1. Anything in the stretch 422-472 that is farther than 26 Å from VAL144 by Cα, assigned to a strand (DSSP E or B) and among the aliphatic types (A, V, I, L, M)? List them, or say none.
2. Among the residues of the stretch 190-204, write down those that are under 15 Å from GLU175 (Cβ atoms) and surrounded by fewer than 13 Cβ atoms within 10 Å (Cβ to Cβ).
3. Looking at the stretch 143-152, is at least one residue in contact with a Gly (Cβ under 7 Å, 6 or more places away or on another chain), part of a helix (DSSP H, G or I) and closer than 30 Å to HIS37 by Cβ?
4. Being part of a helix (DSSP H, G or I) and surrounded by 17 or more Cβ atoms within 10 Å (Cβ to Cβ) is the filter here; which residues of the stretch 87-102 pass it?
5. Filter the stretch 332-356 for residues that are among the hydrophobic types (A, V, I, L, M, F, W, C) and either part of a helix (DSSP H, G or I) or over 17 Å from ASN288 (Cα atoms) (or both) and give the result.
6. Quick check on the stretch 270-290. Is at least one of its residues assigned by TED's automatic domain parsing to the domain that holds TYR357, over 20 Å from the mean Cα position of the chain (by Cα) and part of a loop (DSSP other than H, G, I, E, B)?
7. Take the residues of the stretch 429-452 that are polar (S, T, N, Q) and at pLDDT below 95: which is nearest to ILE153 (Cα to Cα)?
8. Hey, can you tell me all the residues within the stretch 354-379 that are over 14 Å from PRO116 (Cα atoms), more than 16 Å from the chain's Cα centre (by Cα) and touching a residue at least 24 places away in the same chain (Cβ under 8 Å)?
Amino acid sequence: MRRWTKWLAAAFLLFSLAAPGHAQEHEFAKAEEVFHHLHESHLSKPEEGQLVQGALRHIREVAREELNRDLFVSPDDDTLWELWTRLRQWKRQWGFDASWLNSLAIEGMLQSLDDPHTQYFTEEELQLFESDVENQFVGFGFRVRMQDGEFVIREIIDNTPAAASELKRGDRILEVDGQSLSGLEFEQAYLRLRGEEGSKSVLKVYRPSENRELEVELQRALISVPEAVGQLFANGEIGYIRLETFGSEAALQMKEILDSFRQSGKPLSGLILDLRDNGGGYLSAARNIASLFMEDGILMYTTNRNGVEVATWVRNGSDINIPVRILVNNGSASASELLAGALRDHGIAQLVGSHTYGKGSAQQVIPLSDGDALKLTLNEYFTPNHTVVNQVGLEPDLAVEDDGAQVVAALRSLGATAWEIGEQDGDTVINGIAFPTLHPLWKQGEGGLEVRAAVLAELLGEEDVGLLEYVKLAPYLEKYKTLRLQQQNGAYTLFYSQSS
C-alpha cells in the first residue's frame, strides 16, 4: 500500500480505536486488545508491522497445513487496519470462524516476539497458572528438569498418578500425546504437560537405564504440596530449606522453618537454601524471602522498554547472621536467580551447583476484557551489582554438576566434617536428609560395590575421582582409615570423618 494511504489509515485508527484494554466490540476485538498491549508495553518495543506480519503469516501457515488453503499475505501488510481487512476477507472468502482467526492471530503476534515468557491465557489456563505458582496444581505428580536439552523426571511425588504408574526418576519425556518436546523451551514444554483435572495424556518416555522407550497413559489430578520444606542435618547445626516456588505462602513457610531451627536448642552455624529446578513465581515473594536474610538493601534493578532504571529495595528485614549456601542448577530461573544474585551480591550467600537458566525478565499478568489474560514481559532485571541475568544466567561460586555432590560440596563449605551417606527408596540420604537424585548412589560392578564418583570426589576432596561415573569403593576404604562402609538389611551406608 502506498505511504500516503497508510498515513490516512493510521490517522483514522488513531481516532477510532479504543485505548488498550478497551478494544471496540467487534469480531476481532480479542486480537486487537492483545495487539495494543504488545505494541505499547512489551519490553522489546515491537513495531506494528512485526505484529501484523506475525499474525497473518501464522494464520497462512496453519491454513495451509491443516486446511489445504493457500492464503495470500502481502509483505506490505503492516498496519492494524490491514490486519483486520485480511481477517475479514478470509472469513468471508473461506468461511473461517472468527474465534479461530482471533486465536491464530494472537499466537502469531506472540511468536513474532521470540519471547517464550509472554503468553496468552484463557480463563481456565490462567487458573492453572496461578495454581502452579502456589504449588497447588493439576498435573501428573512428577517434577521435571531440563538437562542437555531433554526433559528429565527428577522427582515423583507420593500419592499421585505418576507414583502409581511405571514412570521412574530419570525417565526422559519425549512426547506428549504424539507431540514432540524436542527443541522446546522449558515453559513451552510445560504447557503441553498441563491440562484440566481428570484429563488424560499419553507420554512417550525414554529410560536410559534400560535403553528402551515406553508409553504411559496418565490422568491429571489436583495436587497440593508445601511451597517450602526444611529440616536440620544430623548434627543439628546446619539447616536445609527446599523452596519449590515463589508463591504467596513461600516467605511465611520459610520463616516458620527458620524459627523452628532457632528453637531447636543448638545455634545454627549455616544454612543451605535449595533453589534447584525452582522456576520462580511472584516478585513480592522474592522480596519477602530476601527480608529473612537482610535488614535493608537493594533486591534488584529493573529497566523498562524506555531504559528507565528503578531500584527495588528490601526494607525492615532481619539479618540472618550465618553463612548461607544456595543450591542452583539450570532449572533455577527468574525469581530464583533474582534472589540468589541479590544474596550473593550482598555477601550473604555463595552459590553452589551449575549454571542457572538465564531468565532475567519480569512479567505482569494483565487481565483482558473477557476473563482471559496476557502474561507480558515488561522489564529486564539486574542484580544489585548490575550483573546481567537475562539469556546469560548466573555462574556458581562452587561449580558442581552432580546433584548429590552439590549437597556434599555445600556442606563441606559450611564446615561439615562428619558424614553419613546412604540410599533410601532411590533417594540419596546425606547426613539424615533424603535428596531425590537422578542417578543412584550405589552400583554393583564386576569388582564389587561401586559408588557414585562425583559424590565420593566431593566427600574426599579428590577431584580426579569425579572424572568417572562410578568407582570401586574398596580401594578407598583401604586408603582412608576414617572411611568405612556398613551394610544392614541389604542397605549400604558410608561413614566418613575428616578428623584423624
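The values are calculated or read from the model by the stated rules, or taken from the named source; none is laboratory data. Everything numeric in this text was worked out from a predicted model, so none of it was measured. In this analysis, Cβ positions are derived from the backbone assuming ideal geometry, glycine residues included, and neighbour counts consider all displayed protein chains.
1. LEU449, VAL471, listed by residue number.
2. LYS200, VAL202
3. Checked the stretch 143-152: no residue is in contact with a Gly (Cβ under 7 Å, 6 or more places away or on another chain), part of a helix (DSSP H, G or I) and closer than 30 Å to HIS37 by Cβ.
4. LEU87, TRP90, LEU101, ASN102
5. Matches in the stretch 332-356: ALA333, ALA335, LEU338, LEU339, ALA340, ALA342, LEU343, LEU351, VAL352.
6. Scanning the stretch 270-290 turns up no residue that is assigned by TED's automatic domain parsing to the domain that holds TYR357, over 20 Å from the mean Cα position of the chain (by Cα) and part of a loop (DSSP other than H, G, I, E, B).
7. Applying the filter and picking the extreme gives THR437.
8. Correct list: VAL365, ILE366, LEU368, SER369, ASP370, GLY371, ASP372, ALA373, ASN379.
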